[in-house]
Amino acid sequence: MIPTVLPTYNRAPLTFVKGEGSWLIEDDGRRFLDLGAGIAVNALGHANPELVEALTEQAGKLWHTSNLYDIPQQQALADKLVEETFADTVFFTNSGTESCELAVKMARKYFHEKDQPERVEIIAFEGSFHGRSHAAIAAAGSEKMTKGFGPLLPGFQHVAWGDHDGLNAAINDNTAAILIEPVQGEGGIRPLPDQCLKGLRDLCDERGILLILDEVQCGMGRTGKLFAHEWAGVEPDIMMVAKGIGGGFPLGAVLATEEAASGMTAGSHGSTYGGNPLACAVGAKVMEIVANPAFLQEVSRKAGQLRQGLEGLVAAHPDVFEAVRGQGLMLGLKCKAANTDVVAAGYEAQVTTVSAADNVVRLLPALNISDEDIDEALSRLDAAATQVEQAMQKV
């Protein structure tokens, strides 16, 4: 008999009932150090007092009106995002998947309004992840994402990660945009080198193509800059945002230049819940905290502390780990042992991590994790690695 919850997840046998900062409390009282943060969502930890206050204050006033009317909280958050980024305008969504849908529509509508309706193709990259909708899985293109869901939405081409010749060959008269994550998350914590992102920006400018960045996972301070592309000193035309922007409350956004968004006129897109007062009240508080330069400096400092400890972990367990990769507090342990075994051993050591492609374990802690919790996390990861080693020796 099918469960009442559709069985599309392989869930760990854990039931968390409370969160405090970087800690999750299980139903049986055990305390887990959370290095997953809801897959980079809980950017400021669990039950953050400032976010709780922002949410409850708004909840006592007004929850929802729809986008039939002006929403002051939405306007305030949009103003802050425009002030802090390349963007001239913002559309609010509920998720990264919805942000992907709009980014694709916006790029195609741009060229349609420029009397180039044939320019609908979007170039994406092997190992990418952009969500679970039809546009998003078509953009990713992997068999894991697309098998059984055909016919796929047409208009996407796929290039191998780092294949510059393949990228140039893929561009044609029908190309509208290039879509890429500055740091691949699901793909195995693979940062795009700054020079490559600069090259992509130059290529788009030369060929009249829009550059769409997916910063759903790597944005909102995760790499030590407000958005990861800032390290390369470039600006996209369109950017997808979600996860950390709501600090745990469902919220996403598409940021764009005035030019890139010029085709999106009244009636061309909409969302019932997107940018509602509750979500935007929380998002505004997240932005107030995360966009502070002093906060971002602390993210970089803590990232250095965690990375140094992880390098030591790799050296201490050479049969389990191969290398550390990533940027800021978006780090990955490339494993020699099965990454799923490392994640499972972490549960035994009461530390949560997230698996990814290329046999990588993702570490995505809260951006405000304490130094003490970083040290404790490293200790628990060490215990997990020791458990994996012992299991390997028994085989």
Scalar couplings 3J(HN,Hα) for the range 277-293 by Karplus 6.51 cos²θ - 1.76 cosθ + 1.60 (θ = phi - 60°), nearest whole Hz, x for Gly and Pro, are x, 4, 4, 6, 5, 5, x, 5, 5, 4, 4, 4, 7, 6, 6, 5, x
Result for the chain: accessible area per residue, probe 1.4 angstrom, in square angstrom, of 45
For Asp194, the accessible surface traced by a 1.4 Å probe with all protein chains present amounts, in square angstrom to the nearest 10, to 60
The correct ranking of Arg380, Arg301, Arg11 by accessible area at 1.4 Å, largest first, is Arg11, Arg301, Arg380
Given backbone amide H placed at 1.01 Å from N, residues whose amide H is under 5 Å from that of Ala253, ignoring those fewer than 5 places away on the same chain, are Thr93, Val241, Ala242
The range 1-140, convex hull of Cα, quarter of hull surface, nm² -> 13.9
Stokes-Einstein, Kirkwood over Cα pairs, the range 106-155, 37 °C, 0.692 mPa s; D in µm²/s equals 279
Here the alpha-carbon Rg of the range 297-395 over 2.2 N^0.38 Å rounds to 1.00
At q = 0.12 1/Å the base-10 log of I(q)/I(0) from the Debye formula over the alpha-carbon atoms of the range 197-259 is -0.31
Descending accessible area (1.4 Å probe), largest on the left, turns Ser379, Ser66 into Ser379, Ser66
Relative to the compact-globule estimate 2.2 N^0.38 Å (N residues), the Cα gyration radius of the chain stands at a ratio of 0.99
The answer for Gln157, listing residues at least 5 apart or on another chain whose modeled amide H is closer than 5 Å to its amide H, is Ile122, Ile123, Ala124
Per GNM of the chain with C-alpha springs under 10 angstrom, the most fluctuating residue out of Asp358, Asp34, Asp237 is Asp358
If R0 = 22 Å, then Asp358 and His164, at their Cβ-Cβ distance, give a FRET efficiency to the nearest 0.05 of 0.60
The chain, Gaussian network, Cα under 10 Å: of Asp27, Asp214, Asp341, the residue fluctuating most is Asp27
In debye to the nearest 20, the charge dipole size for the chain, taken about the Cα centre with +1 at each Lys and Arg Cβ and -1 at each Asp and Glu Cβ, equals 740
Scalar couplings 3J(HN,Hα) for the range 158-172 by Karplus 6.51 cos²θ - 1.76 cosθ + 1.60 (θ = phi - 60°), nearest whole Hz, x for Gly and Pro, are 10, 10, 5, 4, x, 8, 5, 5, x, 5, 4, 5, 6, 6, 9
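Apply 1/(1 + (r/R0)^6) to the Cβ-Cβ distance of Ser268 and Lys198, taking R0 = 30 Å, and write down the FRET efficiency to the nearest 0.05. Provide the component values of the computation, followed by the final result.
Numbers: r = 32 Å, r/R0 = 1.06.
Step by step, r from the Cβ atoms, then E = 0.40.
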Listed by chain and number, the aspartates and glutamates with an alpha carbon less than 17 angstrom from that of Lys144, same-chain partners under 8 positions apart left out, are Glu126, Glu186, Asp358
For the range 221-287 (alpha-carbon point model, no solvent) the Debye-based log₁₀ I(q)/I(0) at q = 0.12 Å⁻¹ works out to -0.39
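Carbon-plus-sulfur fraction of the accessible area of the chain, 1.4 Å probe, in percent?
Numbers: 9010 of 17660 Å².
Solvent-exposed carbon and sulfur of the chain make up 51 percent of the total.
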With a Förster distance of 51 angstrom and the Cβ-Cβ distance between Ala59 and Glu258, calculated FRET efficiency to the nearest 0.05 equals 0.90
The distance between the Cα centres of the range 304-373 and the range 224-290, in whole Å, is 29
Using a 1.4 Å probe on heavy atoms of the protein chains only, the accessible area for Arg307 in Å², nearest 10, reads 70
Once Tyr110, Tyr9 are ranked on solvent-accessible area with the largest value leading and a 1.4 Å probe, the list reads Tyr9, Tyr110
In vacuo Debye sum over C-alpha of the range 156-202, base-10 log of normalised intensity I(q)/I(0) at q = 0.14, 0.17, 0.18 Å⁻¹, listed in q order, is -0.35, -0.52, -0.59
Projected onto their principal axes, the Cα atoms of the range 165-296 stretch, largest extent first, over whole-Å spans of 45, 38, 25
Heavy-atom accessible area of Phe111, protein chains in place, probe 1.4 angstrom, given in Å² to nearest 10, is 10
Cα-Cα pairs in the range 312-352 separated by more than 11 Å, as a whole percent of all pairs, come to 66
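The values are calculated or read from the model by the stated rules, or taken from the named source; none is laboratory data. Note that this is a predicted model, so its numbers are computed, not measured. Positions of Cβ are generated from backbone atoms using ideal geometry, with glycine treated the same way; all protein chains shown enter the neighbour counts. In case anyone asks, the SASA skips ligands and DNA or RNA and just uses the protein heavy atoms, side chains included. Shrake-Rupley method; radii C 1.70, N 1.55, O 1.52, S 1.80 Å.
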